[in-house]
Structures are given as structure tokens and as C-alpha cells.
Amino acid sequence: MEAGEAKSKKAGGSRLCCICNQRRPVLKRPKTLQQICRECFYEVFEEEIHQVIVGNRLFKSGERVAIGASGGKDSTVLAYVLSELNRRHNYGLDLFLLSIDEGITGYRDDSLETVKRNEVQYGLPLQIVSYKDLYGWTMDEIVKMIGLKNNCTFCGVFRRQALDRGAALLKVDKLVTGHNADDIAETVLLNILRGDIARLSRCTSITTGEDGPIPRCKPFKYTYEKEIVMYAYFKKLDYFSTECIYSPNAYRGFAREFIKDLERLRPRAILDIIKSGEDFRIATTTKMPEQGTCERCGYISSQVRPLSLSHQVML
Ligand code: SF4
């Protein structure tokens, strides 16, 4: 490093926030490695999300929007930031919290208590829909029956439909989820590793399900997980951080660790993986699976089959 560069780094970088040049930095921004103060961090964090919302025209004024709320850091920060931006920029949205109760003792019952507090803290009406009410089974009961194997596969299918049903109850126009940039990069990688071309082609879309009952958006598509954690920490947001007891998914775990290693070496790696996924083109000769609709309930089923997985479990 040149002597002048080192000197200016010391003067501008480590002593004063490199954005406002006035306050002392309190953090190194994970996405850019800039040393910045708390106020500038809040500003860049919120402004980037606002730009993603506006740039991708995620919402229209007057829309009713449900925030998929699990009580975890991502959805809690999303509920907080979206409420703030809605007020600040007059989006004109009616916001709601929508939670799914999978029936997992010691995990979801505790995290739902957090969402109930968020309902009061942010003044957002909360709707909870449970697997037990919708399907007649809790995840605890399913695991008792099938054992500790492929639990997330069942749970994922159930949740997808439960969110659609909850959104229909709330009569919302859109559903937003707290999927962040790390989640999306991880999914791109997993789909490549599995050769799942169909999912690879749509996993980077910021809005999905436009042909289904309720479109889903990901305002945190470019927001780093570490920054979400920092934001929640500095803002002292009330969230729940325990992992699901049925979550061990070794393959996804490896992809996550790999992304974290890449991020340590080069923070931009996360954005670059997302960009690679976005720019990916499918050969016209590739045969794509068709998305079907369940004959009984009319909701989307990921594979063409006569009955949805939920019905198979019930039968
Ligand atoms: Fe369901 Fe798996 Fe998520 Fe647990 S980790 S809530 S089992 S999808």
C-alpha cells in the first residue's frame, strides 16, 4: 500500500465514517467493507431496500400486502423496515403479518410469541394459520409417523400452500418474504449442484407466482444476512433466533458454509452468484417440468400428480 493511501485510510477510514465523514464508525459494512457510523448504516441499509422496491415496481399504491412473519431476524427486520418505508415514502400499502404454525413444539410456539409482540410493536394486524387446522396434522405428528427424514420436504409443501391460504384469508394482493441475498445465492448453488434447471431458472426472480393466486416478492433479494443481523442488533428489534429442531439438512448446510467461506474471501461473491443465476439462459431444447394444479384443492402442486402431497399424507 502506498504511504499516502495508508495515511488517508487512517484519517478518513478508521477515524471517521467514510460516508458522512463526521461521526465515528461503529461497524465495517459486510457488503462493502466500508467503516461507517450507525446512522449512515441505517440510511444505506433502508435506502438500498427502497431502491429495490421502486426499481422493480414491487408494489402499487392501495395494495394489501402480507409479510410472511416467522419471528426470525429476516421477517422481523422486513416487517420493521417495510412499515418505516411505507410511511416515509407514502407507498400507500396496507400491511399485515401472516404466520404459519407448523405445530413444532419448542420452536414455533415460542417464535409465534415473538410475532404476537411484533404485532403490537409495529401496529400490524396478525393472521396465524396452522397445519393442524388446514391439514389435520402438526409437523410433530408427521415426524412421529415418518421419522426424522425429509421433514423439510413435507413441511415446505405444506407451508407454500398454507401461505397462499392465509393470504387469501387476508384478501391481500401480494405476499412478501424475508429471503435475503445469502438465501438466494445458496439456492442458485444448490440448484446447480442438483441439476435442477427448472428451479434454477426461477430462483433469482424477485417476484414469483404471478400466474398463481398471490404473487410473492423478495424485497431483501440483495440484502446481506450479516447486515440484517447488524440492523436488528443496533435497532434492538425483538426477534427469535432458535433453529427448527427438524432442520438438519446436510446438503443445504454445505452450500451455506461454502457461500460463507466465499463471502469471507470476497464479499461481492454473494451478489455475483445471484447475477450468474439471473443471467443464466436455458437451452430451448431443455425439457422443463410442467407446474400442475391439485385436482382436489386447486392449489399449485410442484409436480403433475393427481393429488397434492398434503392429501397423500392425509389419506
Ligand atoms: Fe419446516 Fe424444515 Fe423449516 Fe423446520 S426447518 S420449519 S421442518 S421447513
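Close Cβ contacts (under 8 Å, 6 or more residues apart or on different chains) running from residues in segment 123-138 that are assigned to a helix (DSSP H, G or I) to residues that are open to solvent by 50 Å² or more (accessible area, probe 1.4 Å) and of a type in the set (D, E, K, R) comprise LEU134/ARG165. Filtering segment 47-106 to residues that are part of a helix (DSSP H, G or I), within 16 Å of the ligand (Cβ to nearest atom) and surrounded by fewer than 22 Cβ atoms within 10 Å (Cβ to Cβ) leaves only LYS73.
When you check THR207 against the structure, is it of a type in the set (Val, Ile, Thr) and in contact with a strand residue (DSSP E or B) (Cβ under 7 Å, 6 or more places away or on another chain), yes or no? So THR207 fits the description; yes.
Is there a residue being under 18 Å from GLY68 (Cβ atoms) and open to solvent by less than 70 Å² (accessible area, probe 1.4 Å) anywhere in segment 141-152? Within segment 141-152, one or more residues are under 18 Å from GLY68 (Cβ atoms) and open to solvent by less than 70 Å² (accessible area, probe 1.4 Å). Which residues, counting only those in segment 195-221, are without any contact (Cβ under 8 Å) to a residue 60 or more places away in the chain and of a type in the set (Ser, Thr, Tyr)? Scanning segment 195-221 gives SER205, THR208. Among the residues in segment 35-44, are any part of a helix (DSSP H, G or I) and in contact with a Leu (Cβ under 8 Å, 6 or more places away or on another chain)? There is at least one residue in segment 35-44 that is part of a helix (DSSP H, G or I) and in contact with a Leu (Cβ under 8 Å, 6 or more places away or on another chain).
Count of segment 143-162 residues, restricted to those that are under 16 Å from VAL129 (Cβ atoms), touching a residue at least 24 places away in the same chain (Cβ under 8 Å) and within 12 Å of the ligand (Cβ to nearest atom), is 6.
The values are calculated or read from the model by the stated rules, or taken from the named source; none is laboratory data. Everything quoted here is computed from the prediction, not taken from an experiment. When we count neighbours, we look across all protein chains shown, and the Cβ atoms used for this are built from the backbone with ideal geometry, even at glycine. We work out accessible area using only protein heavy atoms, side chains counted, and drop any ligands, DNA or RNA first. Shrake-Rupley method; radii C 1.70, N 1.55, O 1.52, S 1.80 Å.
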